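> Quick one: the structure is below, and I'll ask about it shortly.
Rule-based calculations on the coordinates, nothing more; no lab input. Here the structure is a predicted model, which is why all the values come from computation and not from measurement. Here the Cβ is made from the backbone with ideal geometry for all residues, glycine too, and neighbour counts use every protein chain on show.
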Amino acid sequence: MEKDVKGITASKEKDFSEWYTQVVQKAELADYTKVSGCMVIRPYAYAIWEKIVEIVNDKIKKMGIKNVYFPLFIPESLLNKEKEHVEGFNPEVAWVTHAGNTKLNERLAVRPTSETIMYDSYAKWIRSWRDLPLRLNQFNSVIRWEFQHPTPFLRTREFLWNEGHTAFATKEEAEKECIEILDMYYNIVNDNLALYGIKGRKTEKEKFAGAEYTLSIEYFMPNGKAIQGPDSHFDGQNFAKAFNIKFLDKDEKEKYVWQNTWAISTRMIGVLIAVHGDDKGLVLPPKIAPTKVVIVPILFSKDKNKVINYCKSIEKKLSKFDVMMDLRDYSVGWKYNEWELKGVPLRIEIGPNEIKKKQVVLYRRDNHKKENVKVTSLIKKIQNTLKEIQNNLYEKSKKLFESNLIEANSSRDFEKAIEDGKFVKAYWCGNNDAEEKIKEKGAKILNIPLEQPKKLGMSLYYPERKSVHMVYIAKSY
């Protein structure tokens, strides 16, 4: 039985939530399970994640960071060693209390993040300045249980990520890396996922539990909400003191290490879907697409073998473009809809007429344009077009942000902008009471941009106070 040829039936602009759900399911990216908030990542989406992992892995290895794996289960006694960390994560922790019918002597947390289990080992491994820096990373899954309204990729109880955990002899080294990692993530997402984001520092209320400060990249979604992307946390000596991670320095004095943690997760697949997709389905940037080019033969009984052989010769020429040929027993129209739904950047159509003219029909997924291309210039044309698509999607993402950015110089302007689902630039006095007033309006301070204007505007809600930061504010996932 053929799939529904109608594809996506919801409008992205009019019903974003339904549109997003349909894209995720009909493009075969994820499926729901019997466990609320936990999804199946299907092969097509997992292939996108593998590309992200491959890029991140390449970058961090070039930085001298090594991969490891630590246990999924964390004894409660370890989790309790870092009180601030536990208070931040305790509502989200899932616990193992029994093995079969036997109650465990100590509860085991199902990994919400790995600081506590990893730093117990770090305390054993680090003895001297010669053991530093220690820069380790693991690719794994984590569990965050306490929330409502799960959304595939964007907000799930179990998700995949990388988590880097590094230790240094000096504060300067650690803070330098914290910025370098954020920049690495920023460039990866910009260059490969074609997503425009805003770098900044989280407020004290919004920072990672246990960190001295958190650096984040925030993205604006088409439904008027912002979402946090990759982040980098400067943990200072908080965990070092909790887990007694000390080293003997060159001056023969015993000191605590300085630490960072950082991550990017499968959430970015959700952001990718939301920002780039359209009413026909997924739209993938070429650099992250599992298949960059799909060849669809137009077959008639008398020319069938000739067309197939011709298509195979084209497929062979284009092998470096992650090309595939669709020979499935479906109609041509169904195949067109299928590959548009799955967001493949380029489609090549070849029938008897194209063979006669020694050309192909090239279709761009990003702008739906078709053109005839001579076979002799096809490779160069595809190279250039893929670059154009990548750039076009990034510029659209940037335009989405810029066209929805409102500067608010009064509480009235701010509240109107939030009500309209805008991304707000405003000025903050730095006090908790002002931050709470923002939250009362269903929004939050996303981050404090690393680059601040020389002159700050009027402080939001408290114009009599001096502004200390320009901040970005929006409704958020």
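> Under the rule of at least 5 residues apart or a separate chain, name every residue whose amide H is placed under 5 Å from the amide H of Ile264.
Asn162
> What is the dipole size for the stretch 291-385, taken about its Cα centre, with +1 at each Lys and Arg Cβ and -1 at each Asp and Glu Cβ, in debye to the nearest 20?
Working: 22 positive and 11 negative charges, 86 e Å.
Its charge dipole is roughly 420 debye.
> Test of understanding: what is the full-extension gain from Lys369 to Glu419, defined as 0.36 nm times their sequence separation minus their Cα-Cα distance? Intermediate results must be reported in sequence, preceding the final value.
Working: separation 50, 0.36 × 50 = 18.00 nm, distance 3.63 nm.
Length gained, Lys369 through Glu419: 14.4 nm.
> Cut-off is 10 Å between beta-carbons; in what order do Trp262, Trp129 appear when sorted fewest neighbours first?
Details: Trp262 28, Trp129 16.
Exposure proxy ranking, most exposed first: Trp129, Trp262.
> Taking amide H atoms as placed 1.01 Å from N in the peptide plane, list the residues 5 or more away in sequence, or in a different chain, whose amide H sits under 5 Å from that of Ile406.
Those lying under 5 Å, H to H, from Ile406 are Phe423, Val424, Lys425.
> I would also like to ask the following. Computed over the Cα atoms of the chain, what is the ratio Rg over Rh, Rh following Kirkwood? Each step should come with its number before you reach the end.
Details: Rg = 25.4 Å, Rh = 24.8 Å.
Ratio of gyration radius to Kirkwood radius: 1.02.
> Now for a separate question. For the chain, what is the mean residue ellipticity at 222 nm derived from helices alone (per DSSP H run of n ≥ 4: -39500 (n - 2.57); sum divided by total residues; nearest 500 deg cm²/dmol)? All intermediate terms of the calculation are to be shown ahead of the outcome.
Numbers: 14 runs with 161 residues, N = 477.
One gets -10500 deg cm²/dmol as the mean residue ellipticity at 222 nm.
> Once phi is turned into θ = phi - 60°, what whole-Hz ³J(HN,Hα) does the Karplus curve with 6.51, -1.76 and 1.60 give for every residue of the stretch 330-341, x standing for Gly and Pro?
10, 5, 4, x, 4, 5, 4, 4, 4, 7, 5, 4
> Among all the lysines, which ones have a C-alpha under 19 Å from Lys455's C-alpha, if same-chain residues fewer than 8 places away are not counted?
Cα-Cα hits under 19 Å: Lys425, Lys466.
> For the stretch 363-416, run through the trypsin sites (Lys or Arg not before Pro) and keep only the ones in DSSP coil with at most 15 other Cβ atoms within 10 Å of their Cβ.
Numbers: sites: Arg364, Arg365, Lys369, Lys370, Lys374, Lys380, Lys381, Lys387, Lys396, Lys398, Lys399, Arg412, Lys416; in loops: Arg365, Lys369.
Sparse-neighbourhood loop trypsin sites (Lys or Arg not before Pro): Lys369.
> Which loop GluC sites (Glu not before Pro) in the stretch 386-460, with loop taken from DSSP, have no more than 12 other Cβ atoms within 10 angstrom of their Cβ?
Working: sites: Glu388, Glu395, Glu402, Glu407, Glu415, Glu419, Glu435, Glu436, Glu440, Glu451; in loops: Glu451.
Filter output for the stretch 386-460: Glu451.
> Okay, next question. Would you order Met324, Met268 from fewest to most other beta-carbon atoms within 10 Å of each residue's own beta-carbon? Walk me through the numbers on the way to the answer.
Numbers: Met324 16, Met268 27.
In order of increasing Cβ crowding within 10 Å: Met324, Met268.
> Would you list Cys178, Cys38 from fewest to most Cβ contacts within 10 Å? Before the final figure, lay out the partial values.
Numbers: Cys178 25, Cys38 15.
Neighbour counts put them in this order, fewest first: Cys38, Cys178.
> Now for a separate question. If you count the DSSP beta bridges with both ends in the chain, what percent of them are antiparallel, to the nearest 5?
Details: 69 of 86 bridges.
Looking only at bridges with both residues in the chain, the antiparallel portion is about 80 percent.
> Dipole size in debye (nearest 20) for the stretch 204-293 around its Cα centre, Lys and Arg Cβ +1, Asp and Glu Cβ -1? Don't jump to the answer; show the numbers that get you there.
Details: 12 positive and 12 negative charges, 55 e Å.
That gives the stretch 204-293 a dipole magnitude of about 260 debye.
> Through the Karplus equation 6.51 cos²θ - 1.76 cosθ + 1.60, θ set to phi - 60°, convert the phi angles of the stretch 46-62 into ³J(HN,Hα) values in whole Hz; use x for Gly and Pro.
My calculation for the stretch 46-62 gives 5, 5, 5, 4, 4, 5, 4, 4, 4, 5, 4, 4, 4, 5, 5, 5, 5 Hz in order.
> Within the stretch 243-297, list the trypsin sites (Lys or Arg not before Pro) lying in a DSSP loop whose Cβ has at most 11 other Cβ atoms in a 10 Å radius.
Working: sites: Lys246, Lys250, Lys253, Lys255, Arg267, Lys280, Lys287, Lys292; in loops: Lys250, Lys253, Lys280, Lys292.
Listed in order of number, the matching sites are Lys250, Lys253.
> Among Ala474, Ile445, Tyr394, pick out the residue whose Cα is farthest towards the positive end of the charge dipole of the chain, where Lys and Arg carry +1 and Asp and Glu carry -1 on C-beta, about the Cα centre.
The residue sitting farthest along the positive end of the dipole is Tyr394.
> Does the stretch 16-276 come out rounded, prolate or oblate, given a ≥ b ≥ c as the square roots of the eigenvalues of its C-alpha gyration tensor, rounded meaning a/c under 1.5 and, failing that, prolate meaning a/b above b/c?
oblate
> Within the set Lys81/Lys246; Lys83/Lys199; Lys312/Lys342; Lys287/Lys398; Lys199/Lys422; Lys207/Lys444, which residue pairs have Cα atoms separated by over 24 Å? Provide the component values of the computation, followed by the final result.
On the way: Lys81/Lys246 16 Å; Lys83/Lys199 29 Å; Lys312/Lys342 22 Å; Lys287/Lys398 18 Å; Lys199/Lys422 18 Å; Lys207/Lys444 12 Å.
Correct reply: Lys83/Lys199.
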